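S.K.: Take this structure first; my questions come after.
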2 protein chains.
Amino acid sequence: MSEHQTARPRGGKSELAGAFGPQVLQWADRLAEWSEAPHALTCTYLTPAHRRVATELAHWMTAAGMTTETDAVGNVVARLRATDPNAKTVILASHYDTVINAGKYDGRLGVLVALVVAEHLRKSCHTLPFHLEIIAFSEEEGVRFSAPYIGSSAIAGRFDQKLLERRDANGLRLDDVMRDAGLDPGAIPALARSRDRLRAYLEVHIEQGPVLLKHDIPVGVVTSIAGDVRYLVTLTGAAGHAGTGPMTMRHDAAAAAAEIILYVERRCAGAPTLVGTVGKLNVPDGAINVIPGRCDLSVDIRSGDDATRDAAIADILAEIGQISLRRQVTVDIKETMRMPAVPCSPAIVDGLATAVERAGLPVVRLASGAGHDAVMFDRLTDIGMLFVRCGNDGISHSPLETVTADDVDVAARVLLDVLIHLDADTR
Amino acid sequence: MSEHQTARPRGGKSELAGAFGPQVLQWADRLAEWSEAPHALTCTYLTPAHRRVATELAHWMTAAGMTTETDAVGNVVARLRATDPNAKTVILASHYDTVINAGKYDGRLGVLVALVVAEHLRKSCHTLPFHLEIIAFSEEEGVRFSAPYIGSSAIAGRFDQKLLERRDANGLRLDDVMRDAGLDPGAIPALARSRDRLRAYLEVHIEQGPVLLKHDIPVGVVTSIAGDVRYLVTLTGAAGHAGTGPMTMRHDAAAAAAEIILYVERRCAGAPTLVGTVGKLNVPDGAINVIPGRCDLSVDIRSGDDATRDAAIADILAEIGQISLRRQVTVDIKETMRMPAVPCSPAIVDGLATAVERAGLPVVRLASGAGHDAVMFDRLTDIGMLFVRCGNDGISHSPLETVTADDVDVAARVLLDVLIHLDADTR
């Protein structure tokens, strides 16, 4: 237990307190019943479980009084129209697909919080000066076709047509899978929203990390979504007999990898939003009695701002060079991803922070280390994200992922408050 | 190139110089033609290639004037009898099986050097005060049935009968494979040599390491065969999202492994015959964007004497404990092997050293980091081993393994000299 009291709203108790959280958790439990795995939650793109979840979401959206459709990539889209047909649109969204053996909240929480808020707006006949679109993106995790953001990229006009030819692990092509599910891949380009019709993109998401838990705060305001640079590194030394190669005459690829791992760890501990991970590590065909002649590893470096990240990368690449030179191990480095950090809109960040304050809570600003659908809307419209505290030490991508009804309730009220205070931006 | 001149015999040139080396290399080339792999040398227990090599060896032994037989485990045994039928026996031996994608000399060199020396003794009508047995052991590497020393353990009376039920990768039982090859597993126990009938066991072997190459010496006298203690280590930390877990809040199993690897390397560099190797290293199901929750590794520690090795092991296990405690990573350690160091007989070591000196060469004494058939004769008779310089930085278990005819020639002359000077030991 924390020494501190859990931060709770300090202001006058909202009449809405407790109205949203239990409903959202109940919905999340219901969606988690549909899985392609017998004893775990796995719901990947266009499997029967995934289609069933889409149907359920559409049903709830319709029941909430919104016009609802499933679009050409399987996004479930519900609309709450403003009085002015020429008003801009605010998108409230996240994804409903999951990773393998997932938790119940990653992605879905954002959809369901948006839904509960939209339902409240409609029921209370509160009109906004912009259209509201609740979008449950069909695919964000990239599990089935090794391609993330299928749903949000289509809405953002950034869908890569070449993906249609990609095959899943069973050899099925993406376009065939779409057609079999009753979708029309040819209609994807028409899903792109026009920049000048968008007012903002807002996403609520479980933090998937321990920062809010450590601060003992239900929600946090995301300032940016970390850029991510990834490398695959192959070290080639000299294999040899474990008994006959004196320690001083070895060129051990695994020992070189060990030095790299510890340097990445040390270097990335030196800046607040910087993180570095060696997630893959393997001596191929390693044998207990053979000095490793080769070692493969991955390096993933992220930071809320690109300058911090790139400075770390420069140091890490230089150190890898030094290590390989000193150990006479050759190194092959492939950059496999370079995503710039995506800053959230300062105006939206301030709007969220003010709403958090109005809820009587201290404001924690943090960078998102994980990528989210929001990045697809970079430079297309104003982006904002609200994180919800993740229990169990911040574990996500796991059945242990958890949120509380109270925290979700706060998130929904903050989102509602932000929407009520957001102007039409009729520039 | 070395700055030093290659060490060559300083004494008067032996009339035998050059008599043995080329013959041995020619034989080794011939044996390497039989392989179970199309473009590499692989000759594992009781495959057709292996049987062909046995036939070839038996043919050469017979041609050299010795009575020859293939015994119940496939060893090819040739005898040169002393005049006294009650004389003891000196065994000259090594193995003729190979690893996968092997070199031509590991094992076979010792058989062929013994053969060329025995042939010389017979041709020159030189009688020894002991019987001589040249044994080409059928199996030492342990490739096919994951059991090493099948041939030598039978001769030493240490064959494990339970092995007969073991299956190869194709599901074939060892005893069935033996019978199919015309061998009689039931006759294995009778192969055991009696302790009081043995005078000594001598084995010539390629060094399989770079020490003699570094000293620029053709042969070296083995003082002991290193003991080998092996562990499989499983580290369990906490998996997590590579983007959302701050560096200071992680329990990264791979980072813990990295510390262990570097400590093993550092600790084992501190004593002459001590070596330590992490040969297996793997993050199971590692993903580029996931903090490793688990890492598996192996630790292999060897030394020419058990006290040096055990002191290192104590330090390494203590350090693993410290690392796991500090990082809050749990550790599971299984000891999978503990072979004590096997000392060579001081009298034989001195005999070999004197013979090397008589050949006009400086004496290099070294421990064998690799196990050899000789260990099966521990406490059964006096053991001696002579190493031959290994080219190409000491690479073995590889097609790059190489020896020179000159070095092999020196080894054969030293072996011959030792035999001529060895007493009958009629205690």
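S.K.: Note the direction-averaged projected area, equal to a quarter of the hull surface, for the Cα convex hull of the stretch A:338-377, in nm². Kindly include the intermediate steps, with their values, before the conclusion.
M.R.: Details: hull surface 13.4 nm².
Projected over every direction and averaged, the Cα hull of the stretch A:338-377 covers 3.4 nm².
S.K.: In addition: So what is the relative contact order for chain A, in percent, with contacts set as C-alpha pairs under 8 Å and at least six apart?
M.R.: Details: 946 pairs, mean separation 97.7, N = 427.
Relative contact order, chain A: 23 percent.
S.K.: Report the net charge of residues surrounding B:V76, where surrounding means a beta-carbon distance below 13 angstrom and charges are Lys +1, Arg +1, Asp -1, Glu -1.
M.R.: Values: positive: B:R51, B:R52, B:R79, B:R108; negative: B:E56, B:E69, B:D71, B:D97, B:E133, B:E139.
Result for the neighbourhood of B:V76: -2.
S.K.: Quick one: in the protein assembly as shown, what % of C-alpha pairs are over 36 Å apart?
M.R.: Working: 208731 of 364231 pairs.
Beyond 36 Å sits 57 percent of the P(r) for the protein assembly as shown.
S.K.: With the label 7 angstrom out along Cα to Cβ, how close does B:A19 come to the same site in each of the other copies, in nm, nearest first?
M.R.: Relative to the other copies, B:A19 has label-point distances of 10.8 nm.
S.K.: Taking Cα atoms, how many degrees apart are the long axis of helix B:405-421 and the longest axis of chain B, rounded to 10 and kept between 0 and 90?
M.R.: 60 degrees
S.K.: Still on this model: Mind listing, in residue-number order, the residues in the stretch B:387-403 that have at least 20 Å² less accessible area with every protein chain present than in their own chain alone (1.4 Å probe)?
M.R.: Output list: B:H397.
S.K.: Would you mind listing the distances between the B:H126 label point and the same position in each other copy? Use 7 Å along Cα-to-C-beta, nm, one decimal, shortest first.
M.R.: In nanometres, ordered from closest: 10.5.
S.K.: State the three equivalent ellipsoid semi-axes of chain B, derived from the C-alpha gyration tensor as the square roots of 5 times its eigenvalues, in descending order and whole Å. Before the final figure, lay out the partial values.
M.R.: Working: eigenvalues 346, 130, 81 Å².
So the equivalent ellipsoid measures 42, 25, 20 Å along its semi-axes.
S.K.: Right, next: What does the charge add up to near B:I395, with Lys and Arg as +1, Asp and Glu as -1, over the other residues with Cβ less than 12 Å from its Cβ?
M.R.: Taking every other residue near B:I395 into account, the sum is -4.
S.K.: Using a 1.4 Å probe on the protein heavy atoms, what percent of the accessible area of chain B belongs to carbon and sulfur? Mind dumping the intermediate values first?
M.R.: Details: 8780 of 17140 Å².
Carbon plus sulfur share of accessible area: 51 percent.
S.K.: Measure nothing fancy, just the Cα-based angle from helix A:253-268's long axis to the longest principal axis of chain A, in degrees from 0 to 90, nearest 10.
M.R.: On a 0 to 90 degree scale, this one is about 40.
S.K.: Once the label point is placed 7 Å from Cα along Cβ, list for B:G171 the distances to the corresponding points in the other copies, in nm, shortest first.
M.R.: When each copy's label point is compared with this one, the spacings are 2.5 nm.
S.K.: While we're here: How much of A:I316 can a 1.4 Å solvent probe reach, expressed as accessible area in Å² and rounded to 10?
M.R.: The accessible area comes out at roughly 10 Å².
S.K.: Over chain B, what is the percentage of antiparallel beta bridges among all DSSP beta bridges, to the nearest 5? Please report the intermediate quantities before stating the final value.
M.R.: On the way: 42 of 64 bridges.
So the antiparallel bridges in chain B amount to around 65 percent.
S.K.: At 1.4 Å probe size, with every protein chain present, just tell me what the per residue accessible area of the stretch A:267-371 comes to in Å². Don't skip to the end; give the middle numbers.
M.R.: Numbers: 4390 Å² over 105 residues.
Ligands and nucleic acids excluded, the figure is 42 Å² per residue.
S.K.: Among the residues of chain B, which one places its Cβ closest to the rotation axis that maps chain B onto chain A, and what is that distance in whole Å?
M.R.: Nearest to the symmetry axis by Cβ: B:A258, 2.
S.K.: A further question on this structure: Whole-Hz ³J(HN,Hα) for each residue in the stretch A:302-318, computed from phi via Karplus 6.51 cos²θ - 1.76 cosθ + 1.60 with θ = phi - 60°, x for glycine and proline: what do you get?
M.R.: 9, 7, x, 10, 5, 5, 4, 5, 5, 5, 5, 4, 4, 5, 5, 5, 5
S.K.: When the helix-only estimate is applied to chain A (DSSP H runs of n ≥ 4, each -39,500 (n - 2.57), divided by the residue count), what is the mean residue ellipticity at 222 nm, nearest 500 deg cm²/dmol?
M.R.: Values: 10 runs with 129 residues, N = 427.
Helix contribution divided over all residues of chain A: -9500 deg cm²/dmol.
S.K.: Continuing with the same structure: Quick check: net charge around A:A19, other residues with Cβ under 9 Å of its Cβ, Lys/Arg +1 and Asp/Glu -1?
M.R.: -1
S.K.: Return one number: the angle in degrees, 0 to 90 and rounded to the nearest 10, between the long axis of the Cα atoms of helix A:21-31 and the longest principal axis of the Cα atoms of chain A.
M.R.: Computed tilt is about 60 degrees.
S.K.: Another question about this same structure. Cross-link partners among aspartates and glutamates for B:K162, C-alpha distance below 14 Å, same-chain residues fewer than 8 apart left out?
M.R.: The reachable aspartates and glutamates, counting only those whose Cα sits under 14 Å from B:K162, are B:D175, B:D176.
S.K.: Related question: Mind grabbing the accessible area of A:D382 for me, 1.4 Å probe, Å², rounded to tens?
M.R.: Accessible surface of A:D382 is approximately 50 Å².
The values are calculated or read from the model by the stated rules, or taken from the named source; none is laboratory data. Note that the structure is a prediction, hence the values are computed from the model and not measured. For neighbour counting, all protein chains shown are included, and Cβ atoms are generated from backbone atoms with ideal geometry for every residue, glycine included. The protein model used for the area step is the full one, side chains on, heavy atoms only, and it has no ligands, DNA or RNA in it. Shrake-Rupley method; radii C 1.70, N 1.55, O 1.52, S 1.80 Å.
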